[in-house]
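So the structure is just underneath, and the comments pick up after that.
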Amino acid sequence: MGEAKRRRSEAANMVQRGTVQVGVVGDPSGVTTATINVDERHAGSLSAFMDEFARQNPHDRRSSVPCGTCRQCCWHPTVDVDKSVERPEDLAHLDLVVREDGKTVIRKRPDGACVHLGDGGCTVYKHRPRACRSYDCRIYSAFGILPTFNGDRHAPYWKFTLRSVRDYAVAIAARLSTMLASVDGHDDDNSAMQAAGHRYSQVMPRSLTALMRIPASERDQVIASAQSDGVLPPDAFEYRAP
Ligand code: SF4
Ligand code: SF4
C-alpha cells in the first residue's frame, strides 16, 4: 500500500481512546497486568488475522496494517537492515550506520525517531527496509503484549472480535502462551512475542480440540471462567457468542 493510501485508510479505521489490560513484560510470574491508555482500533476476526499471518513468509512479510496517521513504530529503538537481503536500489535511499556490535541499522534522530520519518510519514516509503515492511503490531495485541517505543510511545491496541469457536480457541491459546512464556522472563516486547509465538504452535491445537469437545450449551460458562481467570481479559476482545 502506498503512503497516501495508507493515510486514507484512517477513515475506515476509527480510533478511540481506550484503556487496555496487558501483561507486563518482565514479570516472571506472568500474571501482572497493567491498564494503559492507548488508541484502540477494531481488527476484525482474530482467527482470520492469525490464519493470514501464518500463511505469509515470515522472512519477507508484506504487512497490511491500516496504520492511518500512526507512526509510533518509527520510534523503535533499532531498525535493523540486513544488507545481504535488501535490494541495492532500496539501500541507496537509506541512511545507515554500523553499530559497535556490527549490526547495520537506520540512523536515528536526536529525539529517537528514525531519520527518515517526516511530517507526512515515511519519506522513503517505497524503499523502506524489510523490518518496516513486515512489522505488524496487531500480532502483539493478539497475544496481549503492547509494544512500547522510546519509553512512552505505544502501538495502538487492536481489539479483535471473537465469534467462532476457532476465534475463541486462538484467543485462549495466544493468551495462555503469553502467560507461559513470561514465566521464562523477558525484558523486551520482541523477545516476549517470540517466546509466546513459539508456545502458541504447541498450545493452539490443544485449545481447539478442547473447545470443540465442550457442548455448545456449556461454552458460555467456559468463556466466563476464562474471563474471570484473566486468560481472556473482559476488555481485551469484542465478545460474541460462538
Ligand atoms: S505501530 Fe502499528 S499502526 Fe502504528 S505505524 Fe507501526 S505498524 Fe502502523
Ligand atoms: S524507514 Fe520509514 S517506516 Fe521505517 S522506521 Fe524509518 S520512517 Fe518508519
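Bear in mind that the values in this text are calculations on the coordinates, not laboratory data. What you see is a predicted model, and the numbers here were worked out from it, not measured in a lab. Cβ atoms come from the backbone with ideal geometry, glycine included; neighbour counts cover every protein chain shown.
Extension gain for Arg240 to Arg109 (0.36 nm times residue separation, less C-alpha to C-alpha distance): 42.7 nm. Could you compute the FRET efficiency for Thr78 and Lys126, with r as their C-beta to C-beta distance and R0 at 30 Å, rounded to 0.05? About 0.85, to the nearest 0.05.
Computed from the C-beta positions of Thr209 and Arg55 and an R0 of 25 Å, the FRET efficiency is 0.70 to the nearest 0.05. Arranged from fewest to most other beta-carbon atoms within 10 Å of their beta carbon, Tyr135, Tyr168 become Tyr135, Tyr168. Length gained on full extension, Ala216 to Ala48: 58.3 nm, using 0.36 nm per residue less the C-alpha separation. Extension gain, Asp119 to Leu96: 0.36 nm times the residue separation minus the Cα-Cα distance gives 6.2 nm. In terms of the Cα gyration tensor, with a ≥ b ≥ c the square roots of its eigenvalues, is the stretch 117-242 rounded because a/c is under 1.5, prolate because a/b exceeds b/c, or oblate? Prolate shape, in that a/c is at least 1.5 and a/b is the bigger ratio. Bridging of Lys108 to aspartates and glutamates at a Cα separation below 14 Å is possible for Asp80, Asp95, once same-chain residues fewer than 8 apart are set aside. Considering only beta bridges that DSSP places wholly inside the stretch 38-179, some 65 percent are antiparallel.
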